[in-house]
2 protein chains.
Amino acid sequence: MPKSAPAFDAPLPLADNLCFAVYSTALAFNAVYKPILDRLHLTYPQYLVMLVLWQQDDVPVKDIGRLLHLDSGTLTPLLKRLEAIGYLARRRHAADERQLRITLTDAGRALADQARSIPQGIGAACGLGWDELGKLRDQLTQLREQLDRAAEASRPAPAAVR
Amino acid sequence: MPKSAPAFDAPLPLADNLCFAVYSTALAFNAVYKPILDRLHLTYPQYLVMLVLWQQDDVPVKDIGRLLHLDSGTLTPLLKRLEAIGYLARRRHAADERQLRITLTDAGRALADQARSIPQGIGAACGLGWDELGKLRDQLTQLREQLDRAAEASRPAPAAVR
DNA sequence: GGCAATTAGATTGCACACAAAGTATTTATT
DNA sequence: AATAAATACTTTGTGTGCAATCTAATTGCC
């Protein structure tokens with residue numbers, strides 16, 4: 001039997017099924033993170049931004065967006081909320097006033113200590129060994145890169161200037 | 001070296017990294033589905049509901065929620081939108097007026113034809129073989145079940161009645 | 001220098017996703 | 001039968017996510 005088998009022998013077609021598995025696993029992950037992150041007054045996307053900042057402080061919004069695959073329409077209000085609760089500061093870059101540089105406050109830096117135990121807890125909730133965890137992450141990362149290419153390819157060409 | 005290795009030798013701890021991989025893959029999948037589903041005037045969660053209905057018509061909201069792992073707060077407005085564009089009907093069940101039964105309209109049934117080619121397109125966008133696709137889906141489904149158990153366990157006990 | 005194109009964010013509008021609280025109906029208990 | 005508890009859905013409020021559009025600043029080009 002060839003590799004690309006009939007698409008309708010499963011209750012839901014397999015490609016759809018994989019997407020649904022990813023989709024619902026993402027929601028399930030969020031449900032596990034939520035009670036933990038509630039204690040830090042963070043949502044999961046906010047936590048991702050904090051992870052970026054704990055790695056490197058004083059970052060333009062654009063870099064955060066590139067790292068997390070999120071656009072400014074998502075990040076602008078999210079960053080304003082993180083500023084409102086005092087974890088970071090938003091300041092225009094002197095050398096390029098278009099850029100908004102994000103820097104941690106003392107409270108934001110201090111939060112890293114409280115967050116340090118989170119990955120272990122999540123790892124335990126996954127019920128997977130170290131190597132399985134890594135393998136799955138690598139497969140998904142590859143898949144995401146492939147999907148990004150596919151989405152790019154199907155996007156309308158950038159209006160070639162004559 | 002034991003299985004549960006140090007948690008801080010990666011740029012981001014591994015468990016967080018797996019969650020991020022799932023999270024961003026879900027968003028990437030959505031970006032691939034979007035232009036395809038736009039032609040059917042569906043969002044991805046709406047498409048999931050239609051998949052359920054194409055399998056079994058005349059379903060209570062609760063069953064849809066159980067199948068898709070979505071709660072009524074999400075489904076109520078979503079189903080109203082699908083009703084507004086004429087793909088389904090919402091009717092109280094005669095035998096139990098609490099239940100809202102969802103049934104396909106002719107337009108909703110007809111849509112299945114247009115949707116038939118979607119899984120192949122998505123499968124191609126994944127760039128994975130049939131067996132890899134299935135293996136990944138199974139691993140993720142297992143992971144989601146494990147995460148559901150972990151979330152359940154960490155939820156406050158349902159207030160034992162004396 | 002002057003003007004077009006590009007770039008970085010902000011804003012608006014729409015659709016999830018879920019917690020919490022509310023309403024109506026049904027079932028269980030006494 | 002009356003009332004309590006459970007069930008099924010609705011409503012409200014908060015926080016994403018993204019498309020589309022907008023503004024302001026910078027860069028390119030002549």
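Structure summary
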quantity	calculated
Where the protein assembly as shown is the region considered: accessible area per residue in Å², 1.4 Å probe	55 Å²
At R0 = 56 Å, FRET efficiency that the Cβ-Cβ distance of A:K34 and B:D106 yields, to 0.05	0.85
Charge-dipole axis of chain B as Lys and Arg at +1 and Asp and Glu at -1 on Cβ define it, positive-most pick from B:L18, B:T103, B:G121	B:T103
Charge dipole magnitude, Cβ of K and R +1, D and E -1 - the range A:76-132, Cα centre, debye nearest 20	440 debye
Accessible area of B:C19 in the full protein assembly, 1.4 Å probe (Å², nearest 10)	10 Å²
Two-site FRET efficiency, A:A94 against B:R66, from Cβ-Cβ distance with R₀ of 51 Å, rounded to 0.05	0.40
Shielding by other protein chains, B:115-123, mean Cβ within 10 Å	5
Solvent-accessible area, 1.4 Å probe, carbon plus sulfur percent, for chain A	54 percent
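The values are calculated or read from the model by the stated rules, or taken from the named source; none is laboratory data. The shown structure was predicted, so the numbers you read here are calculated from the model rather than taken from an experiment. When we count neighbours, we look across all protein chains shown, and the Cβ atoms used for this are built from the backbone with ideal geometry, even at glycine. The area values use the complete protein model at the heavy-atom level, side chains included, leaving out ligands, DNA and RNA. Shrake-Rupley method; radii C 1.70, N 1.55, O 1.52, S 1.80 Å.
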